[in-house]
1. I need the full set of residues from segment 1-20 which are open to solvent by 50 Å² or more (accessible area, probe 1.4 Å) and at pLDDT 95 or above, in order please.
2. Out of all the residues in segment 83-100, is one or more without any contact (Cβ under 8 Å) to a residue 12 or more places away in the chain and among the charged types (D, E, K, R)?
3. Of the numbered conditions (1) more than 19 Å from GLU6 (Cα to Cα); (2) touching a Leu at 6+ places or on another chain (Cβ under 8 Å); (3) crowded, with 21+ Cβ neighbours inside 10 Å, SER120 fails exactly one; give the number of that condition.
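The values are calculated or read from the model by the stated rules, or taken from the named source; none is laboratory data. Just so it is clear, the model here is predicted, and its values are computed rather than measured. Note that we place each Cβ from the backbone using ideal geometry, even for glycine, and neighbour counts take in every protein chain shown. Just so you know, the surface numbers come from the protein's heavy atoms only, side chains and all, with ligands and any DNA or RNA stripped out. Shrake-Rupley method; radii C 1.70, N 1.55, O 1.52, S 1.80 Å.
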Amino acid sequence: QVQLVESGGGLVQPGGSLRLSCAASGSIFRLYVMGWSRQAPGKQRDLVATITSGGRTNYAESVKGRFTISRDKVNNTVYLQMNSLKPEDTAVYYCNADIVPSGYYSPTKYWGQGTQVTVSS
């Protein structure tokens with residue numbers, strides 16, 4: 001019942017910007033840390049950014065200063081504002097969240113379906 005739905009990916013030129021969003025829905029008892037990871041073809045999935053329920057953020061060194069993660073607690077949505085995009089940022093971006101569904105005790109990490117970000121001229 002609990003799921004994460006992503007949107008906002010697309011094609012952008014180097015130096016451009018995109019804003020990704022990811023909304024958690026379903027019967028949620030607790031929602032803890034949320035984040036974004038990315039995976040290029042043939043590469044491992046790497047952490048991009050995380051944000052705790054208290055608003056503390058963490059970024060990969062490769063995106064620090066260019067990307068900003070934020071969240072809307074009312075709508076259970078996490079965002080990733082991506083500026084000064086580079087071709088190296090091209091990847092499928094996945095959101096994730098640690099969620100305790102209603103009626104459960106332990107949290108489970110949920111993943112979005114992925115959204116393609118392509119940076120090319």
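1. Within segment 1-20, the first condition is being open to solvent by 50 Å² or more (accessible area, probe 1.4 Å), and the residues that meet it are 1, 3, 5, 7, 11, 13-15, 17, 19.
The answer is GLN3, VAL5, SER7, LEU11, GLN13, PRO14, GLY15, SER17, ARG19.
2. Start the filter on segment 83-100 by keeping residues that are without any contact (Cβ under 8 Å) to a residue 12 or more places away in the chain, which leaves none.
No, segment 83-100 contains no residue that is without any contact (Cβ under 8 Å) to a residue 12 or more places away in the chain and among the charged types (D, E, K, R).
3. (3)
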